[in-house]
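Everything below concerns the one structure shown next.
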Amino acid sequence: MNQTKISLTGIKPSGTPHIGNLMGAIQPALELARQYKALYFIADYHALTTVRESKALNAQVYEVAATWLAAGLDPEEVVFYRQSDIPEVFEFTWILACFAAKGLLNRAHAYKDAVAKNEAAQRDPDFGINMGLFNYPVLMAADILLYGAHLVPVGQDQKQQLEIARDIAEAFNHQYGETLVLPEPMISESVKTIPGIDGRKMSKSYDNVLPLFVPAKELRKRVMQIVTDSKGVEEPKDPATCNLFQLFKIFASKARQEEMAQAYQKGGLGYGAVKQELFELVDAFVAPGREVYQSYLQDTQKLDRILAQGAQKARDIARPNLAAARKAVGITR
Ligand code: TRP
């Protein structure tokens, strides 16, 4: 296998990405390309476990591809592809399924939560649960183990799935000898979490996000909705407890942060003015990416070409690894 270690991450196409995603997940993942042979893929078949609107699924794949490219992913430098373009991953999923204990998958959070919901509602425990959801962690293990990935940057919520991937790899290696690389998670709790417009962690599920590449007008509207206390213009204010200031700090220069903190304490500064300045900073930060994002979405054929080239590179890595796994289990001719 390659001397350079491999980092790999999968991106589920869902929802409009926000600034918290960019700073908390996308940028740290892109950083890895400096030290690793970096693979990034769009987990479109994982989305199929929940997305039932074909148009939406198709559009979300392009949106997510355009987002990562606009965030600075260089498709020449890294390997950027669609999961569904790699037939090897589905064959490998079957091999791995034969080493995945059913009891292990019974304990996977997403499945367990769905069962718990059904039980609470006094329905059949497996009501509405498809086998795609149940097997989700096996496909994810295949995504990772097929490429011999050493490092997998993921959010805290993905930790268990990484453990399942390791368990499956260990079961396989126990039977056939060291064949599969055991992946290490890189959990993004160490990277900064960005507060949302209500002060809680920025998250789609709290509906408190600053969306990434939306038109300036829409961004401004969201910034103006940032929650503050109701102190009047003349009153002195406390920067340390002010969510608006915490967001301001992320985007403003050191000097400007200090000036702003003093202006807060002195009084005579309204939150509206701070919001306007924050909007201008965020807008300047996202404007270049916004243009790139829009230009890709207007040329989805170009996105298809980029992803197809990435798929070639990905398959070159996948093929020998799948061949080794097939040989290990005795599927040879
Ligand atoms: N499950 C991940 C998510 O929900 C997406 C994903 C699929 C993934 N396959 C992966 C992440 C492999 C890391 C490695 O976001």
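Please report the relative contact order for the chain, taking Cα pairs under 8 Å with a sequence separation of at least 6, and give it as a percent rounded to a whole number.
22
Once neighbouring chains are kept in place and the probe is 1.4 Å, which whole percent of the accessible area of the stretch 1-150 is contributed by carbon and sulfur?
51
Report, in listed order, any pair from LYS55/LYS302; LYS102/LYS204; LYS55/LYS112 with a Cα-Cα distance greater than 21 Å.
Too far apart for the 21 Å limit: LYS102/LYS204; LYS55/LYS112.
Tell me, what is the FRET efficiency for GLN301 and VAL51 to the nearest 0.05, using R0 = 30 angstrom and their Cβ-Cβ distance as r?
My answer for the efficiency is 0.85.
Measure nothing fancy, just the Cα-based angle from helix 131-145's long axis to the longest principal axis of the chain, in degrees from 0 to 90, nearest 10.
90
Modelled label-to-label distance, ASP238 and LYS117, 7 Å Cα→beta-carbon offset: nm?
Distance between label points: 3.9 nm.
Would you be so kind as to identify which of ALA287, ALA261, PRO236 lies farthest towards the positive end of the dipole of the stretch 161-291, taking Lys and Arg as +1 and Asp and Glu as -1 on Cβ and the Cα centre as origin?
Ranked along the dipole, the leading option is PRO236.
In debye, nearest 20, what is the charge dipole magnitude of the chain about its Cα centre with +1 on Lys and Arg Cβ and -1 on Asp and Glu Cβ, if you could check?
Roughly 200 debye, rounded to the nearest 20.
Restricting to the chain, what percent of DSSP beta bridges are antiparallel, rounded to 5?
Of all bridge pairs located within the chain, approximately 10 percent are antiparallel.
Rolling a 1.4 angstrom probe over the protein heavy atoms, how many square angstrom per residue are accessible across the stretch 8-134?
Value for the stretch 8-134: 49 Å² per residue.
Cα axis of helix 109-120 to longest principal axis of the chain: angle in degrees, 0 to 90, nearest 10?
80
For the stretch 234-239, just list the computed ³J(HN,Hα) in residue order, Karplus coefficients 6.51, -1.76 and 1.60, θ = phi - 60°, integers in Hz, with x standing in for Gly and Pro.
Once rounded to whole Hz, the list reads 6, 5, x, 10, 9, x.
If R0 is 41 Å, what FRET efficiency do you get for ALA323 and ASP198 from their C-beta distance, rounded to 0.05?
After rounding, the FRET efficiency stands at 0.20.
Going by amide H atoms built from the backbone, whose H comes under 5 Å of the H on GLU184, apart from near neighbours?
Correct list: LEU151, VAL152.
Just flag the GluC sites (Glu not before Pro) in the stretch 37-123 sitting in loop per DSSP whose Cβ has no more than 10 other Cβ atoms within 10 Å.
In loop regions of the stretch 37-123 (DSSP not H, G, I, E or B), the sparsely surrounded GluC sites (Glu not before Pro) are GLU53, GLU76.
Quick check for you: with a 1.4 Å probe and neighbouring chains kept, what is the accessible area per residue of the stretch 213-293, in Å²?
Per residue, the stretch 213-293 has 54 Å² of solvent-accessible surface.
Amide H to amide H, which residues 5 or more places from LYS201 or on other chains are under 5 Å from it, using H placed in the peptide plane?
Residues meeting the criterion, in which the H sits 1.01 Å from N, are GLY196.
Tell me, in nm to one decimal, what length is gained between ILE250 and PHE285 on full extension, where the rule is 0.36 nm per residue of separation less the Cα-Cα distance?
Here the answer is 11.5 nm.
What are the residues whose amide H is under 5 Å from the amide H of ILE11, where those residues sit 5 or more places off or on another chain and H is modelled from the backbone?
PHE41, ILE42, ALA43
If you project the alpha carbons of the stretch 213-293 onto the principal axes, what extent comes out on each, in Å, largest first?
41, 25, 17
To the nearest 0.05, what FRET efficiency results for LYS313 and ASP207 with a Förster distance of 30 Å applied to their C-beta separation?
Computed FRET efficiency for LYS313 and ASP207: 0.20.
I need the trypsin sites (Lys or Arg not before Pro) found in the stretch 50-104, filtered to DSSP loop residues with at most 14 other beta carbons within 10 Å of theirs.
Qualifying residues, ordered by number: ARG52.
Is there a quick way to get the dipole size of the stretch 1-69? I mean about its Cα centre, with the Cβ of Lys and Arg at +1 and of Asp and Glu at -1; what is the value in debye to the nearest 20?
Around 180 debye, computed over the stretch 1-69.
Percent of accessible area on the stretch 213-293 owned by carbon and sulfur, 1.4 Å probe?
Using a 1.4 Å probe with all protein chains present, the stretch 213-293 comes out at 55 percent carbon and sulfur.
How much length is gained if the chain between ALA273 and LEU104 is pulled fully straight, taking 0.36 nm per residue apart and subtracting their Cα-Cα distance, in nm to one decimal?
Fully extending the segment from ALA273 to LEU104 adds 55.4 nm.
Under a point-charge model restricted to the Cβ atoms of Lys and Arg (+1) and Asp and Glu (-1), what is the dipole moment magnitude of the stretch 213-293 relative to its Cα centre, in debye to the nearest 20?
160
Quick one: angle between helix 300-329 and the longest Cα principal axis of the chain, in degrees between 0 and 90, rounded to 10, please.
Tilt of helix 300-329: around 40 degrees.
The values are calculated or read from the model by the stated rules, or taken from the named source; none is laboratory data. Keep in mind that what you see is a predicted model, and the values were worked out from it rather than measured. Neighbour counts run over all protein chains shown; Cβ positions are idealised from the backbone, glycine included. Surface areas here come from the heavy atoms of the whole protein model, side chains and all, with no ligands, DNA or RNA. Shrake-Rupley method; radii C 1.70, N 1.55, O 1.52, S 1.80 Å.
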